[in-house]
Structures are given as structure tokens and as C-alpha cells.
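Student: Here it is: the structure, laid out below.
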Amino acid sequence: MGQLGFYFNSAACTGCKACQVACQDKNDLPQDILWRHVYTYGAGSWLPQANGVMAPNGVFAYALSTACMHCQDAQCTQVCPAGAMVKHDNGLVTINQDACIGCRYCEWACPYGAPQFREDLGVMSKCTGCSDLVASGLKPACVDACVMRALDFGDLEELKAKYGAINAVEPLPVGGYTQPSIVITPHPAAQLAGQGTGTILMLEEEL
């Protein structure tokens with residue numbers, strides 16, 4: 001099996017966060033730990049008109065669902081002094097928590113903020129790609145939970161052949177840095193990574 005990865009259709013995503021909730025539930029995560037994040041990104045303003053109506057001025061917004069990208073050039077595995085970050089033959093990156101010393105080097109190296117420190121356990125944690133479900137021929141919990149079918153998972157090359165090769169839109173970092181294992185169908189208003197004019201409009205802490 002080649003590199004596994006995620007597909008995300010930003011044009012279909014409504015930002016409902018069902019994927020995020022499914023991930024927390026499946027992995028029994030505490031409230032402050034999110035292995036999958038759903039952001040709203042956008043920009044623009046509203047200009048008053050003579051008739052009192054507000055007119056949009058470059059207004060746009062779109063949702064983005066992200067988790068560990070199981071990068072082909074995973075920086076987290078390269079900086080871990082304990083060898084706890086492991087990239088498997090199928091391309092998924094997991095943490096051996098028995099070996100983890102909680103130094104947080106992987107957290108600092110990851111441009112996606114995927115590794116997160118568990119204060120209650122004293123070790124790092126992150127999306128595993130639901131490797132246990134995948135080993136049984138099933139999809140990750142987030143994929144099955146998506147009501148809009150905006151997520152998929154499978155062989156990265158097959159996903160590219162089906163959906164294209166875009167792997168970064170704002171506010172994600174440029175994909176060439178770590179070669180993330182994701183394919184994205186951009187929202188019509190999406191801006192390519194590194195060319196953004198917007199900001200993240202909604203964070204999990206604000207809900």
C-alpha cells in the first residue's frame with residue numbers, strides 16, 4: 001500500500017464540525033484537545049449606500065477542516081529525540097506514547113499544529129488517521145461523520161487522480177514544505193496558500 005491521505009472538498013463543507021465532534025468522541029479526547037480543527041476563513045467589509053442598504057465589498061468566507069496531514073516529509077518525525085513519532089509503511093504518522101517524553105519538539109516543528117500536549121498524560125497526542133479502523137478496511141471516523149460527504153480517505157495517488165493535486169489553500173501553509181498527504185477541492189472563493197488577504201474568523205475557543 002502506498003501513502004494514505006485525506007481528501008477535503010471545501011466547496012461542499014458547511015463548517016458544521018460533525019467531523020471534529022466524531023474525532024473527539026471516537027478517541028475519547030478531553031474538551032481542550034482537538035485532533036481535527038474546523039476553521040472559517042474570510043475577509044471583506046460592508047459599505048453603506050445612500051439608501052441605507054449595506055453593500056458587500058470583497059466579502060468571502062469558506063470553511064476548512066484539517067487534522068494531521070501525515071506528511072510525506074514529516075518534520076515531527078525528524079525532530080523527535082525519543083523516536084516516538086513513527087511514520088508507518090502506509091504513510092500514517094502516529095505517536096508511541098510509551099516512548100514520548102513530552103518535550104513538545106514535534107509540536108513546534110509541525111506547521112499544522114497537529115501534535116498536541118496532553119497535560120493529563122504528560123505526553124503528546126495527535127490524529128492517527130484512525131489506523132485501527134483503516135486496518136479493518138473502514139474509513140476514519142471524521143470521514144463517515146461528514147454529512148456533506150466533504151471528506152474522503154484513501155491512497156493518495158488515487159485521490160490525486162480523482163480530485164487533482166491541490167494540497168494547500170489559505171490559511172494552510174504552502175504545501176511544498178512538508179508534502180502534506182491531502183487533496184483539496186477549493187471553495188470558489190478560496191485563496192491559494194501564501195496569497196491570502198483574509199483571516200481566520202472563527203476558532204474553536206469562540207464556540
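Student: Is at least one residue of the stretch 2-25 of a type in the set (S, T, N, Q), touching a Lys or Arg at 6+ places or on another chain (Cβ under 6 Å) and either outside any loop (DSSP other than H, G, I, E, B) or at pLDDT 95 or above (or both)?
Tutor: yes
Student: Select from the stretch 173-184 the residues that are modelled with pLDDT of 95 or more and either over 14 Å from the mean Cα position of the chain (by Cα) or part of a loop (DSSP other than H, G, I, E, B) (or both) and list them in ascending order.
Tutor: 178, 179, 180, 181
Student: Out of all the residues in the stretch 23-41, which are within 18 Å of residue 152 (Cβ to Cβ) and over 14 Å from the mean Cα position of the chain (by Cα)?
Tutor: Across the stretch 23-41, the qualifying residue is only 26.
Student: Is it the case that residue 113 is touching a residue at least 60 places away in the same chain (Cβ under 8 Å) and in contact with a Leu (Cβ under 8 Å, 6 or more places away or on another chain)?
Tutor: Against the criterion (touching a residue at least 60 places away in the same chain (Cβ under 8 Å) and in contact with a Leu (Cβ under 8 Å, 6 or more places away or on another chain)), residue 113 does not qualify.
Student: What are the residue pairs meeting all of these: first residue in the stretch 147-163, first residue of a type in the set (Ser, Thr, Tyr), second residue modelled with pLDDT of 95 or more, Cβ atoms under 9 Å, and 6 or more apart or on different chains?
Tutor: 163/7; 163/9; 163/152; 163/183; 163/184; 163/185
Student: Does the stretch 194-203 contain any residue that is within 27 Å of residue 44 (Cβ to Cβ), among the hydroxyl-bearing types (Ser, Thr, Tyr), more than 17 Å from the chain's Cα centre (by Cα) and assigned to a loop (DSSP other than H, G, I, E, B)?
Tutor: Within the stretch 194-203, one or more residues are within 27 Å of residue 44 (Cβ to Cβ), among the hydroxyl-bearing types (Ser, Thr, Tyr), more than 17 Å from the chain's Cα centre (by Cα) and assigned to a loop (DSSP other than H, G, I, E, B).
Student: Based on this model, can you work out whether residue 19 counts as over 15 Å from residue 124 (Cβ atoms), in contact with a helix residue (DSSP H, G or I) (Cβ under 8 Å, 6 or more places away or on another chain), crowded, with 19+ Cβ neighbours inside 10 Å and not small (Gly, Ala, Ser)?
Tutor: Judged against the criteria, residue 19 is a match.
Student: Consider residue 201 carefully, then state whether it is among the hydrophobic types (A, V, I, L, M, F, W, C), surrounded by fewer than 19 Cβ atoms within 10 Å (Cβ to Cβ) and in contact (Cβ under 8 Å) with a residue 60 or more places away in the chain.
Tutor: The answer is yes for residue 201.
Student: For the stretch 59-166, please list each of the strands (runs of 3 or more DSSP E) lying entirely inside it that holds at least 2 residues being surrounded by fewer than 22 Cβ atoms within 10 Å (Cβ to Cβ), hydroxyl-bearing (Ser, Thr, Tyr) and modelled with pLDDT of 95 or more.
Tutor: Strands (runs of 3 or more DSSP E) meeting the threshold: none at all.
The values are calculated or read from the model by the stated rules, or taken from the named source; none is laboratory data. Since this is a predicted model, take the numbers as computed values, not measurements. FYI the Cβ positions are ideal-geometry reconstructions off the backbone, even for glycines, and counts take in every protein chain you see.
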